[in-house]
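Structure record follows, encoded as structure tokens.
The values are calculated or read from the model by the stated rules, or taken from the named source; none is laboratory data. These numbers come from a predicted model, not from an experiment. FYI the Cβ positions are ideal-geometry reconstructions off the backbone, even for glycines, and counts take in every protein chain you see.
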Amino acid sequence: MSRLPLTFDDKGLIPVIVQDRLTGEVRMFAFATSEAVRTTLETGLATFWSRSRGELWQKGRTSGNEVQVHRVLVDCDSDCLVYSGEPHGNSCHTGAPNCFFQELEGETVKQASGAPQTLLATLEAELESRKTATASESYTKSLYDKGLTAIGDKISEEARELSQALQTEIDHRVVSEAADTIYHLLVGLRARSIPFRLVLAELARRLGTSGHQEKASRQHAR
């Protein structure tokens, strides 16, 4: 068996970061041996080396919270890896979605503010919280109160304004109209309780497929 072109430390370990390939969220950190990396490549399931138990361990084998690895990324020095994949369930042994829920403030480690790691997830969480606001205080809540028809009309309006901006206005206006469109799209998805991650998963599914073929397959499925 050929040697992996990676730089392991004097204990035969290499650090591994697990990242959600769709959202960019960093889920966890662990160490792997050459055998663990090979097992990950062969099975497509995130596998590491337990320093405390002295054995290989597959993430989620007992809990069911597996990570399906799509790519193993290697850093510029070949001494650190990223398992880029799709997590199923929570990734932290504490039961949290990810292991990075604390912040360093000065010289003190504190519980994080509660905001998700990524901007998109933060916005999605904020829109969800607006469901319990009062309409007089929250524009988003007023949209929820008006219902899906009104939200859909607003998405159509914003999409038209974006289309017009693309054709006739400066870049700054295009960016502004695109932000308005995405915001109202997210409101619509939250009104239906549809996670944006499912949209990202659908886009990922379509990668490498001709747009004409994809459209034809949808029409055939109706």
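Considering only the stretch 181-218, state which residues are at pLDDT below 55 and within 22 Å of Ser156 (Cα to Cα).
Arg218
Could you figure out which of (1) more than 30 Å from Asp180 (Cα to Cα); (2) surrounded by 10 or more Cβ atoms within 10 Å (Cβ to Cβ); (3) under 23 Å from the mean Cα position of the chain (by Cα) isn't true of Arg51?
Checking Arg51 against (1) more than 30 Å from Asp180 (Cα to Cα); (2) surrounded by 10 or more Cβ atoms within 10 Å (Cβ to Cβ); (3) under 23 Å from the mean Cα position of the chain (by Cα), the one that fails is (3).
Going by the conditions given, is Arg61 among the basic types (Lys, Arg), farther than 25 Å from Leu207 by Cβ and either part of a strand (DSSP E or B) or without any contact (Cβ under 8 Å) to a residue 12 or more places away in the chain (or both)?
In short, yes.
Which one of these is of a type in the set (Phe, Trp, Tyr), in the same structural domain as His93 (by TED's automatic domain parsing), assigned to a strand (DSSP E or B) and under 18 Å from Phe101 (Cβ atoms): Phe29, Phe48?
Phe29
Any idea which of (1) out of contact with any Gly (no Cβ under 9 Å at 6 or more places or on another chain); (2) surrounded by 13 or more Cβ atoms within 10 Å (Cβ to Cβ) is the one Thr168 doesn't satisfy?
With (1) out of contact with any Gly (no Cβ under 9 Å at 6 or more places or on another chain); (2) surrounded by 13 or more Cβ atoms within 10 Å (Cβ to Cβ) applied to Thr168, the lone miss is (2).
Could you tell me which numbered condition Glu161 fails, if it satisfies all but one of (1) assigned to a helix (DSSP H, G or I); (2) within 30 Å of Arg27 (Cβ to Cβ); (3) in contact with an Asp or Glu (Cβ under 8 Å, 6 or more places away or on another chain)?
Only one criterion in (1) assigned to a helix (DSSP H, G or I); (2) within 30 Å of Arg27 (Cβ to Cβ); (3) in contact with an Asp or Glu (Cβ under 8 Å, 6 or more places away or on another chain) is unmet by Glu161, namely (2).
With the condition kept exactly as written, say whether any residue in the stretch 155-174 is in contact (Cβ under 8 Å) with a residue 40 or more places away in the chain and assigned by TED's automatic domain parsing to the domain that holds Glu124.
No, that holds for no residue.
Quick one: in the stretch 19-48, which of the residues that are closer than 20 Å to Leu6 by Cβ and of a type in the set (Ser, Thr, Tyr) is surrounded by the fewest Cβ atoms within 10 Å (Cβ to Cβ)? Step through it out loud before you land on a result.
So in the stretch 19-48, the residues closer than 20 Å to Leu6 by Cβ come out as 19, 28-48.
Subsequent filtering for residues that are of a type in the set (Ser, Thr, Tyr) retains 33-34, 39-40, 43, 47.
Working: Thr33: 18, Ser34: 16, Thr39: 18, Thr40: 23, Thr43: 13, Thr47: 26.
Filtering first and then ranking leaves Thr43.
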